[in-house]
1. Under 14 Å from Ala13 (Cα atoms) and either touching a Ser or Thr at 6+ places or on another chain (Cβ under 9 Å) or more than 16 Å from ligand 2 (Cβ to nearest atom) (or both): is that true of Leu77 in this structure?
2. Kindly provide the set of residues from segment 185-222 that are touching a strand residue (DSSP E or B) at 6+ places or on another chain (Cβ under 8 Å) and more than 16 Å from ligand 2 (Cβ to nearest atom), ordered by number.
3. Would you check if Gln26 is surrounded by fewer than 21 Cβ atoms within 10 Å (Cβ to Cβ) and either away from ligand 2 (no atom under 16 Å from the Cβ) or within 25 Å of Glu153 (Cβ to Cβ) (or both)?
4. Identify all residues within segment 39-64 that are within 16 Å of ligand 2 (Cβ to nearest atom), under 23 Å from Gly25 (Cα atoms) and buried (at least 20 other Cβ atoms within 10 Å of the Cβ); write none if there are none.
5. So, in segment 173-215, exactly how many residues are at pLDDT below 95, more than 9 Å from ligand 1 (Cβ to nearest atom) and not in a loop (DSSP other than H, G, I, E, B)?
6. Would you mind stating whether Gly247 is in a helix (DSSP H, G or I), among the small types (Gly, Ala, Ser) and surrounded by 17 or more Cβ atoms within 10 Å (Cβ to Cβ)?
7. Considering only segment 1-98, give the helices (runs of 4 or more DSSP H) lying wholly within it that have at least 3 residues that are of a type outside the set (Lys, Arg) and under 22 Å from Gly126 (Cα atoms).
8. Scanning for something surrounded by fewer than 23 Cβ atoms within 10 Å (Cβ to Cβ) and within 15 Å of ligand 2 (Cβ to nearest atom), does segment 94-105 turn up at least one residue?
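The values are calculated or read from the model by the stated rules, or taken from the named source; none is laboratory data. Computed from a predicted structure; not experimentally measured. Because the Cβ atoms are built from the backbone with ideal geometry, glycine has one as well, and the counts that use them run over all protein chains shown.
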Amino acid sequence: MINGRRVAVVLPAYNAAGTLAQTIGQLPDCVDLRILVDDFSADQTAALARELGLQTYVHDSNYGYGRNQMTCYREALDAGADIVVMLHPDYQYDPRLVTAMASMVASDVYDVVIASRILGGTALAGGMPRYKYVANRALTAFQNLVLGAKLSEYHTGYRAFSRPVLETLPLLENSRDFVFDNQMLAQCHYFGFRIGEISCPTRYFPEASSISFRRSVRYGFGVVRTTCQYYCQKHGLGRFPIFDRAGRKLREAEPPVAAAPQHTGAVA
Ligand SMILES: Nc1nc2c(ncn2[C@@H]2O[C@H](COP(=O)(O)OP(=O)(O)O)[C@@H](O)[C@H]2O)c(=O)[nH]1
Ligand SMILES: [Mg+2]
């Protein structure tokens, strides 16, 4: 609890058994709700999550990273969260920064806070592959130019959102894949939410990074497409569901492509 706001941490997980305990072990005391959604992992992620006392939900198929986040945010809202922090369970980001991020939202100064690996200047030293670093910088420059924003990066997997953000964005219109993250930040900017940043060290080791070069390239093209859609929507050259205020939101309906997640016993 911070400033009377209930804080949830959501963990979109896929084969995270090797790093989950370490990640959870460093969560600060201000966290009221710990929610993990397992996207049909092949390892013991879900069993371990229950053992660690997390509210655990399991998808009945591998629906993808974006779809996983949809479930995460919906469960957090249903559980009464006021502030939701998304943290990868792969121990890539420092869980101890949850307090700082959630506080920036709880203060009512920001609606969204991202933990930037670029701001601290240690991304490469932390092991980020050079091609990812260069792509990150180039895509960020392009996106800042088009959106008229000044973020240090759009690609971090460590973010905090206020409840109204999650209730307002038409998140069910987003991709089920990794570009979900980028669409979400573009939406936050489009709908006028205030985005703040803090710096965050990053760790790259085999278990913390599984995305192949090919998937990274696909993600990059997805970012360019999202940015072009933003431009067209903003200048009346096209209309896209992800930027439609009346688009499908988390709490209105289930995403049509996926069956409802199998709730395999949320641990109270
Ligand atoms: N739901 C889901 N999550 C995935 C999948 N593949 C990777 N992830 C998760 O997405 C996050 C980012 O992937 P990761 O390999 O760490 O990417 P990187 O750190 O940017 O190289 C991690 O938390 C993974 O657990 C998948 O197929 N489905
Ligand atoms: Mg990672």
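1. It is false that Leu77 is under 14 Å from Ala13 (Cα atoms) and either touching a Ser or Thr at 6+ places or on another chain (Cβ under 9 Å) or more than 16 Å from ligand 2 (Cβ to nearest atom) (or both).
2. Once the filter is applied, which keeps residues that are touching a strand residue (DSSP E or B) at 6+ places or on another chain (Cβ under 8 Å) and more than 16 Å from ligand 2 (Cβ to nearest atom), segment 185-222 yields Leu185, Cys188, His189, Phe193, Arg194, Ile195, Gly196, Glu197, Ile198, Ser199.
3. So Gln26 passes the test.
4. Of the residues in segment 39-64, the ones within 16 Å of ligand 2 (Cβ to nearest atom) are 39, 41, 43, 45, 64.
The next check asks that each one be under 23 Å from Gly25 (Cα atoms); those that pass are 39, 41, 43, 45.
Selection gives Asp39, Thr45.
5. Final tally of qualifying residues: 3.
6. When the stated conditions are applied, Gly247 does not pass them.
7. Once the helices (runs of 4 or more DSSP H) in segment 1-98 are filtered for at least 3 residues that are of a type outside the set (Lys, Arg) and under 22 Å from Gly126 (Cα atoms), what remains is 20-25.
8. yes
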